[in-house]
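FYI, it's all coordinate maths here, none of it is from the lab. Nothing here was measured: the structure is a model prediction, and the numbers come from that model. Backbone-built Cβ (ideal geometry, glycine too); neighbour counts: all protein chains shown.
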């Protein structure tokens, strides 16, 4: 099941380029608080890819910006397609392992298939069913896709997206990007071209 997802290094290189472009668009607008100039202040991450995406473990820089105006110095962390907030695992792993956990149900089988502890995948499934459904992102997804079943998320979302499985997971990462940061308001506008 995990083999068919196709998360090779080229996928994460593409996601890295997308994150870089998003960071540039956020920097162009200046500090969201005071309007001052934003400078790069990337920080190290040690993401986990488990068996689902071992190629992701090499992508360790989280793009971030810092206001250059004295007295403000606020951080503005752009939305990301690679990282799903502060989770240790990359976003692709959170989605894929959650889908595997829904399909397999048994803790030992989940761990053997994904390399992610079953307790962690169960925690993610709880997030999909509770905290995620209260986000604006979920409201937008549910409005665009008929029949999204909360108890089967993220699978019920991925199945409704066009393309091959890996492409659908990438599209879901794009949808989730606005909730990967709290310091940039309306992060979805930076995902659209021409913004």
### Message
I need the Debye-formula profile for the range 89-129: one equal scatterer per C-alpha, no solvent, reported as log10 I(q)/I(0) at q = 0.18 1/Å, two decimals.
### Response
-0.37
### Query
Taking R0 as 22 Å, what's the FRET efficiency between residue 33 and residue 174 from their Cβ-Cβ distance, rounded to 0.05?
0.25
### Message
Given R₀ = 25 Å, what would the calculated FRET efficiency be for residue 88 paired with residue 21, taking r from the Cβ atoms and rounding to 0.05?
### Response
0.50
### Query
Sorted by mean Cβ packing within 10 Å, highest first, what order do the peptides 81-89, 130-138 take?
81-89, 130-138
### Task
Using the number of other C-beta atoms within 10 angstrom as an exposure proxy, rank 34, 66 with the fewest first.
34, 66
### Task
For the chain, count the residues as N, evaluate 2.2 N^0.38 Å, and divide the Cα radius of gyration by that value, please.
1.04
### Summary
Among 149, 50, 92, the residue with the largest mean-square fluctuation in a Gaussian network model of the chain built from Cα contacts under 10 Å is 149
### Summary
Extension length gain for residue 151 and residue 73 (0.36 nm per residue less Cα distance), in nm, is 23.9 nm
### Query
What is the fewest-to-most order of 145, 99, 175 by other Cβ atoms lying within 10 Å of their Cβ?
145, 175, 99
### Query
Ratio of the range 84-184's C-alpha Rg to 2.2 N^0.38 Å, to two decimals?
1.02
### Query
Under a plain spin-label model, where a point goes 7 Å from the Cα along Cα-to-Cβ, how far apart in nm are residue 167 and residue 109?
3.0
### Query
Using alpha-carbon positions, what is the distance between the centroids of the range 12-64 and the range 88-149, in Å?
23
### Task
Sort 110, 179, 22 so that the residue with the fewest other Cβ atoms within 10 Å of its own Cβ comes first and the one with the most comes last.
179, 22, 110
